[in-house]
Amino acid sequence: MKSLSFSHWVVMATVALCAPVYGANIFAPGDTIFGGASDGTDFVVGVAGTAATVNNWPAGESPDHAIDGVGQKYLNFAEVNTGFLVTPAFNGGNGSIVTGMTLWTANDAVDRDPASYALYGSNEVFSGGGPFALTSFSLISSGDLALPATRNAGGAAALDPANSQTVGFANTNLYTSYLVLFPTVKNEAANSMQIAEVQLDGVVPEPGALALLSVGGLALLLRRRRR
């Protein structure tokens, strides 16, 4: 059997080390997150509170609970066009190519479940209290939802896959921040929107991919010069 040359080994090693990660979970507890609602022009950041129809939430049901990995829920009394903006720390903040989203039901009131979604991406930096212009985002996917009537327990309870829905979509664009909006709920007579958890998954390029490719190319160049 013919042995591989030095250049072939370099190429093979570089490709293996640069391989992207597929099906990765993008959101994680502690990621920078803003809860709020869209007014059609901006994503307006909400506050803690319990006023009906207002862009606010109970102190114990704040936006961070939408990505905390357990059953505790995020609730927003503005009800329609509510959601959250996340800048994930995963992949060193270098971005990801999202191709799916899973949502888990909250612990009560089926009427409050989101009935539709719109997922946006952006590569801008978001800080402060907003508002953030919707023109800063590109639509990745949108559509109807059909969350099950079964409920996840609240608090620190583990999330049950049986009480979730996953949607997949085509996307080839890399983004560093994601805006998740829920334009409607199952029953608009409800007083709020609620969701236990949301997770994005997709393709995450390795942080050092370009650097590794450069190293591989340099190794090949040095090898050739020695000949």
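The table that follows gives values for the structure above.
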quantity: Residues of segment 25-51 classified as among the aliphatic types (A, V, I, L, M) and within 17 Å of Asn191 (Cα to Cα), total; calculated: 4
quantity: All positions within segment 98-115 that are more than 19 Å from Asn25 (Cα to Cα) and either crowded, with 17+ Cβ neighbours inside 10 Å or not polar (S, T, N, Q) (or both); calculated: Ala106, Asp108, Ala109, Val110, Asp111, Arg112, Asp113, Pro114, Ala115
quantity: Filtered residues of segment 102-116 (kept if in contact with a strand residue (DSSP E or B) (Cβ under 6 Å, 6 or more places away or on another chain) and either closer than 9 Å to Leu147 by Cβ or of a type outside the set (Lys, Arg) (or both)); calculated: Thr102, Leu103, Trp104, Ala106, Pro114, Ala115, Ser116
quantity: Verdict on Gly95 being farther than 22 Å from Gly46 by Cα and crowded, with 19+ Cβ neighbours inside 10 Å; calculated: yes
quantity: Residues of segment 27-47 that turn out to be open to solvent by 20 Å² or more (accessible area, probe 1.4 Å) and in a strand (DSSP E or B), as a count; calculated: 8
quantity: Residues satisfying the stated conditions in segment 181-204, i.e. in contact with a helix residue (DSSP H, G or I) (Cβ under 7 Å, 6 or more places away or on another chain) and either open to solvent by less than 40 Å² (accessible area, probe 1.4 Å) or at pLDDT below 70 (or both); calculated: Val185, Ala190, Ser192, Met193, Gln194, Ile195, Glu197, Val198, Val204
quantity: Cβ-Cβ under 7 Å pairs, at least 6 apart or on other chains, segment 125-137 side closer than 15 Å to Thr32 by Cα, far side β-branched (Val, Ile, Thr); calculated: Phe126/Thr87; Gly129/Val45; Gly130/Val44; Gly130/Val45
quantity: Matching residues in segment 116-146 - criterion: being buried (at least 17 other Cβ atoms within 10 Å of the Cβ), out of contact with any Asp or Glu (no Cβ under 7 Å at 6 or more places or on another chain) and not aliphatic (A, V, I, L, M); calculated: Tyr117, Tyr120, Gly121, Ser122, Phe126, Phe137, Ser141
quantity: Ala153 vs. criteria over 21 Å from Pro29 (Cβ atoms) and surrounded by 13 or more Cβ atoms within 10 Å (Cβ to Cβ); calculated: no
quantity: Close pairs (7 angstrom Cβ cut-off, 6 or more residues apart or separate chains): surrounded by fewer than 19 Cβ atoms within 10 Å (Cβ to Cβ) in segment 159-180, part of a helix (DSSP H, G or I) anywhere; calculated: Thr176/Gly93
quantity: Qualifying residue in segment 77-89 (condition: charged (D, E, K, R) and either open to solvent by 40 Å² or more (accessible area, probe 1.4 Å) or at negative phi (or both)); calculated: no
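The values are calculated or read from the model by the stated rules, or taken from the named source; none is laboratory data. Since the model is a prediction, treat every value here as computed from it, not as a measurement. Using ideal geometry, Cβ is built from the backbone for each residue, glycine included, and neighbour counts are taken over all protein chains shown. Remember, those area values only see protein heavy atoms, side chains included, never the ligands or the DNA or RNA. Shrake-Rupley method; radii C 1.70, N 1.55, O 1.52, S 1.80 Å.
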